[in-house]
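This report concerns only the one structure given below.
The values are calculated or read from the model by the stated rules, or taken from the named source; none is laboratory data. What you are looking at is a predicted structure, and each value in this text was computed from that prediction instead of being measured. Virtual Cβ from ideal backbone geometry, glycine too; neighbours counted across all protein chains shown. Just the protein is used for accessible areas: all its heavy atoms, side chains included, with ligands, DNA and RNA removed. Shrake-Rupley method; radii C 1.70, N 1.55, O 1.52, S 1.80 Å.
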Amino acid sequence: MVIFDSVTKTKRPFEPIKEGEASIYVCGPTVYDDAHLGHARSSLAFDLLARTLRALGYKVTMAKNFTDVDDKIIKKVEATGKSMQEITTYYIDRYLDEMAQLGVQRADIEPKATESLDAIEQMIQTLIDKDFAYVVSNGDVYFDTSKDPHYGEISHKVHDDDENQSRVAHNSEKRNPKDFALWKACKGEDDICFDAPFASGRPGWHIECSAMIEKYFDGNGAYSIDIHGGGADLLFPHHENEAAQSRCATGHELAKYWMHNGFVQIDGEKMSKSLGNSFFLKDALKVYDGEILRYYLNSVHYRNDFNFNEEDLLAAKKRLDKLYRLKKRLLPGKASAVNPAFKKALLDAMSDDLNISVALSVIDEMVAASNEKLDENPKDKALKKESLANLAFIDTLLGFGGKEPYSYFQIGVDETLKEKIEALIAKRTEAKKAKDFATADAIRDELTQIGIAIMDTPEGTVWERA
RNA sequence: GGAACCAUCGCCAAGUUGGUAAGGCCGCAGCCUGCAAAGCUGCUAUUCGCCGGUUCGAGUCCGGCUGGUUCCUCCA
């Protein structure tokens with residue numbers, strides 16, 4: 001396995017800190033709103049990472065956090081009158097449900113900031129004791145970036161360019177412009193606060209990840225975890241700050257590899273609330289099946305920016321359709337063993353920093369080859385069994401193609417419509433038998449009108465939702 | 001203002017150590033079909049934003065330019 005490490009900006013062989021194991025921590029969402037396509041992409045990218053490492057034989061422990069205390073959540077509390085917990089559990093449930101629809105496997109550990117306050121306070125206290133952090137008059141605790149000689153090495157941001165930072169309003173008691181809050185002191189009666197030795201208040205955003213990693217992972221003395229992941233926008237300042245805190249608190253580096261996924265754009269424009277083109281996952285899921293979205297969003301390498309548009313999504317769907325059409329030809333039947341060359345080609349592709357494009361081309365070629373052989377010999381049992389096994393392997397490694405093909409092609413068709421379709425097909429078959437092709441074609445047109453495509457096969461007429 | 005990344009067929013998109021352009025969508029021709037659809041076969045970039053340089057040889061390395069994106073502020 002080779003991984004592109006964002007810090008060294010090179011592909012590096014994956015050599016885990018513990019033999020045969022892989023520890024991954026991915027920055028999850030702040031749960032104050034519905035997940036958008038960007039969350040989906042990040043989730044999908046690291047799902048692919050975990051699946052690939054598992055397929056390679058590593059014992060993977062994946063953690064993905066929920067930031068469930070934060071300024072934005074508090075604003076939502078003020079705006080809605082609901083409790084913070086009501087809001088966060090609602091969005092966490094929705095997030096998990098939507099990601100499940102995309103076929104994202106659950107993380108092994110899903111820590112929440114509010115459930116990790118002990119670890120957070122402990123790390124802040126350590127940083128204060130070691131003089132890497134300081135408390136200002138109102139009780140806020142800041143990390144002193146000037147005390148960490150390695151600060152800036154993660155994101156390669158130049159130190160002390162404070163001339164350009166002057167636009168950013170900051171607490172005048174900060175010692176350095178880039179110092180950041182570890183703990184935000186309670187602002188008043190209505191504020192959401194937790195007790196802590198330094199001051200009643202709540203954790204800053206960056207500290208929670210560092211603290212939770214220390215809480216859940218042992219590390220090997222040189223690193224706490226193998227891989228730290230997240231969106232490209234998190235590299236600075238979030239991950240820089242995480243790395244600094246952890247380094248200063250524990251005396252060793254946080255992660256051996258850093259991975260960052262690219263952005264999702266909508267029709268070439270940055271997706272953002274201010275532009276009004278924010279694309280919520282829930283809206284996409286109303287129109288497209290989760291599996292198709294998964295295939296589409298994963299069809300571009302995770303580090304590239306992703307330009308979401310309907311035309312490309314349809315092209316992706318057609319590609320997936322072909323896989324399921326092969327599966328239709330294969331069933332009913334049992335799977336035997338995966339073709340070794342196919343398995344190797346797929347794993348080799350994914351082992352190269354998750355080269356999904358090559359992996360998908362390997363699949364397309366396998367599908368075409370299987371179809372060709374089936375055209376030559378439709379009764380080739382051994383081939384059918386092997387192809388079925390190949391599809392099962394694809395499902396395990398990449399998370400698509402696992403459905404029963406008829407259910408895939410008939411998504412969104414209810415029972416009454418189904419009966420109507422079956423009846424029309426029966427009528428058409430009669431007409432065809434009687435050589436009444438005019439009637440047969442009229443029935444086919446009628447089906448086309450309601451969005452149903454039919455195909456005559458040696459085993460009879462089958463239909464799909466177009 | 002500072003920094004980084006990207007630029008390959010009509011569209012999407014691979015292309016680690018430089019060695020002579022994967023795959024998909026679309027399109028065209030053929031096989032199959034009553035006709036279609038599906039499936040299969042063949043064809044579709046002498047060329048990789050532009051200009052220089054290094055080299056026997058560059059999409060791949062170096063410099064410059066142009067275009068796009070991102071980060072520097074909460075953000076996947």
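Quick rundown of the values:
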item: Within the range A:36-54, considering residues that are open to solvent by 40 Å² or more (accessible area, probe 1.4 Å) and farther than 13 Å from residue A:26 by Cα, the one farthest from RNA strand B (Cβ to nearest atom); result: A:54
item: Subset of the range A:343-355 [in contact (Cβ under 8 Å) with a residue 40 or more places away in the chain, over 19 Å from residue A:42 (Cβ atoms), surrounded by fewer than 21 Cβ atoms within 10 Å (Cβ to Cβ) and not small (Gly, Ala, Ser)]; result: A:343, A:347, A:352
item: Single residue of the range A:400-414 satisfying the filter (small (Gly, Ala, Ser) and in contact with a helix residue (DSSP H, G or I) (Cβ under 6 Å, 6 or more places away or on another chain)) that is most open to solvent (accessible area, probe 1.4 Å); result: A:402
item: In the range A:131-188, residue surrounded by the most Cβ atoms within 10 Å (Cβ to Cβ) [restricted to those that are in contact with a Gly (Cβ under 8 Å, 6 or more places away or on another chain) and at pLDDT below 80]; result: A:159
item: Among residues of the range A:365-389, those that are more than 11 Å from RNA strand B (Cβ to nearest atom), free of Cβ contacts under 8 Å to residues at least 12 places away in the same chain and open to solvent by 50 Å² or more (accessible area, probe 1.4 Å), counted; result: 2
item: Index of the failed condition, residue A:255 passing every other in (1) more than 25 Å from residue A:98 (Cβ to Cβ); (2) part of a helix (DSSP H, G or I); (3) more than 7 Å from RNA strand B (Cβ to nearest atom); result: (2)
item: Close pairs from the range A:177-194: first free of Cβ contacts under 8 Å to residues at least 40 places away in the same chain, partner open to solvent by 40 Å² or more (accessible area, probe 1.4 Å), Cβ under 7 Å, at least 6 apart; result: A:177/A:162; A:177/A:165; A:177/A:170; A:193/A:186; A:193/A:200
item: Yes/no for residue A:302 being more than 30 Å from residue A:461 (Cβ to Cβ) and touching a Gly at 6+ places or on another chain (Cβ under 8 Å); result: yes
item: Test result for residue A:392, within 24 Å of residue A:315 (Cβ to Cβ) and either open to solvent by less than 60 Å² (accessible area, probe 1.4 Å) or within 14 Å of RNA strand B (Cβ to nearest atom) (or both); result: no
item: Residue match in the range A:90-104 (condition: more than 18 Å from the chain's Cα centre (by Cα) and farther than 29 Å from residue A:157 by Cα); result: yes
item: Which listed residue is out of contact with any Ser or Thr (no Cβ under 8 Å at 6 or more places or on another chain), surrounded by 13 or more Cβ atoms within 10 Å (Cβ to Cβ), over 30 Å from residue A:37 (Cβ atoms) and of a type in the set (A, V, I, L, M, F, W, C), from A:362, A:338, A:358; result: A:338
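Residue by residue, here is whether (1) in a strand (DSSP E or B); (2) more than 8 Å from RNA strand B (Cβ to nearest atom) holds:
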| position | (1), (2) |
| --- | --- |
| A:407 | no, yes |
| A:413 | no, yes |
| A:421 | no, yes |
| A:424 | no, yes |
| A:432 | no, no |
| A:440 | no, no |
| A:445 | no, yes |
| A:455 | yes, no |
| A:463 | yes, yes |
